[in-house]
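Input: a single structure, listed below in structure tokens.
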Amino acid sequence: MKIRRIAVMTSGGDAPGMNAAIRAVVRSANAKDVEVYGIRRGYTGLLSGDFERLTNREVSGILQRGGTILQTARNAEFKTEKGQKRGLRRLNEQGIDGLVVIGGDGSLTGALALHEMGFPVVGIPGSIDNDIWGTNMSIGVDTALNTILDAIDKLRDTASSHERAFLIEAMGRNSGYLTLMSGILGGAEIVVTPERPIELEEIAQALDDAYMRGKSHAIAVIAEGAKHKINEVAAYLETHPCGFEVRVTILGHVQRGGSPTAFDRLLATRMGVHAVDELLAGRSGVMVGLDGRSITPVPLAEVISQKREITESYFEMAQILSR
């Protein structure tokens with residue numbers, strides 16, 4: 001089947017660089033005389049038939065913008081067989097020949113469902129947690145990491161000025177990638193992730209050791225999905241002093257926003273172009289992932305059946321460098 005009209009959507013949590021991927025999909029498809037339609041609000045928009053034509057003009061000036069111009073949402077109905085059939089019907093009603101889905105595990109699971117129903121689909125990994133199997137890096141990770149590092153650098157200035165310990169919460173309900181990497185690169189005294197549960201006593205001891213060694217400040221980066229939540233850690237340190245005054249900073253959704261870095265713009269652009277190439281080559285049910293320096297297709301069934309784990313040696317590195 002010759003593909004003449006495709007659609008693109010963003011789903012799940014937004015990530016810096018999604019707009020760059022949308023732009024690349026639209027412009028590379030248009031260059032090959034393929035029409036592109038954007039689906040607003042992810043699978044919610046798909047079920048309601050919220051489609052709009054995208055030309056080069058509609059995606060002009062979005063390369064540097066964070067978030068997603070197509071907006072995004074989470075949708076429980078599409079997880080059902082009834083919802084998936086309704087989504088397929090909407091695509092057929094619009095005359096769509098292929099679909100590019102940009103998002104995380106849940107979004108790619110939906111993409112696989114459409115593929116198994118016989119509809120051509122290619123996925124692009126977009127998740128700041130960097131927990132998607134089949135790619136060295138997902139869209140948005142580098143920008144989020146740089147946002148966290150910028151906050152750590154600023155907080156260290158005031159921490160040193162007042163001899164304080166800062167507890168900083170980074171995003172990551174199930175993955176501690178951002179926490180671990182920002183802890184290593186930001187010079188934290190301790191990192192606390194869901195993958196490596198650490199007891200309250202160990203956190204207090206690490207901060208106390210920093211104080212006893214004569215440090216002027218201490219930084220602890222704690223993932224939101226850690227065993228002990230950041231406010232619980234702060235409460236414990238009130239009754240078990242570590243030498244420093246303790247302050248809490250929850251970075252929250254500021255980590256998702258902002259202009260994408262050069263790395264994320266390039267990664268998103270390459271993935272967008274390759275996704276279109278995969279569809280036009282007649283391939284479906286794959287995600288385009290970064291493998292070394294190359295963008296390669298990975299079966300969606302493989303992607304969603306596994307989770308990308310953190311490299312074990314990074315945990316040891318974080319511990320060594322914190323001393």
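Which one, 178, 260, 9, projects farthest toward the positive side of the charge dipole computed for the chain from Cβ point charges (K/R +1, D/E -1)? Of the options given, the answer is 9. When all alpha carbon pairs of the chain are counted in 10 Å bins from zero, the resulting P(r) reads 6, 27, 29, 18, 13, 6, 1, 0 %. Less than 5 angstrom separates the built amide H of residue 37 from those of 6, 7, 8, 54, all sequence-distant by 5 or more or on a different chain. The order of the peptides 116-123, 51-58 by mean Cβ neighbours within 10 Å, most packed first, is 116-123, 51-58.
Rounded to the nearest whole Hz, the Karplus-based 3J(HN,Hα) values (6.51 cos²θ - 1.76 cosθ + 1.60, θ = phi - 60°) of region 231-239 follow the sequence 5, 5, 5, 4, 5, 5, 5, 5, 9, with x at glycine and proline.
Measure up 79/307; 2/307; 2/82 against 24 Å on the Cα-Cα distance and list the ones that go over. Going by Cα-Cα distance, 2/307; 2/82 fall outside the 24 Å limit.
What is the distance in Å between the Cα centroid of region 142-176 and that of region 219-297? Cα centroid to Cα centroid, the span is 14 Å. How would you classify region 11-102 from its alpha-carbon gyration tensor, with a ≥ b ≥ c the square roots of the eigenvalues: rounded for a/c under 1.5, else prolate if a/b is greater than b/c, otherwise oblate? Oblate is the answer for region 11-102, as a/c is 1.5 or above yet b/c matches or exceeds a/b.
When both bridge partners sit in region 1-112, DSSP labels roughly 30% of those beta bridges antiparallel. Using only Cα positions of region 195-272, each an equal point scatterer, no hydration layer, compute I(q)/I(0) via Debye at q = 0.19, 0.21 Å⁻¹ and quote the log10 values to two decimals. After summing over all Cα pairs, the log10 values are -0.84, -0.94.
At q = 0.16, 0.21, 0.24 Å⁻¹, what is the base-10 log of I(q)/I(0) for region 61-166 according to the Debye formula with one equal point scatterer per Cα and no solvent? Please give it to two decimals. Computed log10 I(q)/I(0) values: -0.84, -1.16, -1.30. The amide H of residue 246, built 1.01 Å from its N in the peptide plane, has 165 as neighbours under 5 Å, considering only residues 5 or more places off or on other chains.
Rounded to the nearest 20, the Cβ-based charge dipole of the chain about its Cα centre (Lys and Arg +1, Asp and Glu -1) stands at 1480 debye. Think of each Lys and Arg Cβ as +1 and each Asp and Glu Cβ as -1; about the Cα centre, that makes the dipole of region 218-323 roughly 180 debye.
Coupling constants for region 106-112 follow from the phi torsions by the Karplus curve (6.51 cos²θ - 1.76 cosθ + 1.60, θ = phi - 60°), and in residue order they are x, 5, 6, 5, x, 4, 5 Hz; glycine and proline get x.
Karplus-derived 3J(HN,Hα) values for region 56-71, using 6.51 cos²θ - 1.76 cosθ + 1.60 with θ = phi - 60°, are 4, 5, 5, 9, 6, x, 9, 3, 8, 8, x, x, 8, 5, 8, 6 Hz; glycine and proline are entered as x. For the chain, the longest principal axis of the C-alpha atoms and the axis of helix 81-93 are separated by about 50°. Size descriptor for region 144-256, Kirkwood hydrodynamic radius: 13.5 Å (Cα pairs only, one decimal).
Close amide H partners of residue 126, meaning residues 5 or more places away or on another chain with modelled amide H under 5 Å apart, are 103, 104, 139.
A short reminder: the numbers here are calculations on the coordinates, not readings from a lab. This structure is a prediction, so every number in the text was calculated from the model and none was measured. In this analysis, Cβ positions are derived from the backbone assuming ideal geometry, glycine residues included, and neighbour counts consider all displayed protein chains.
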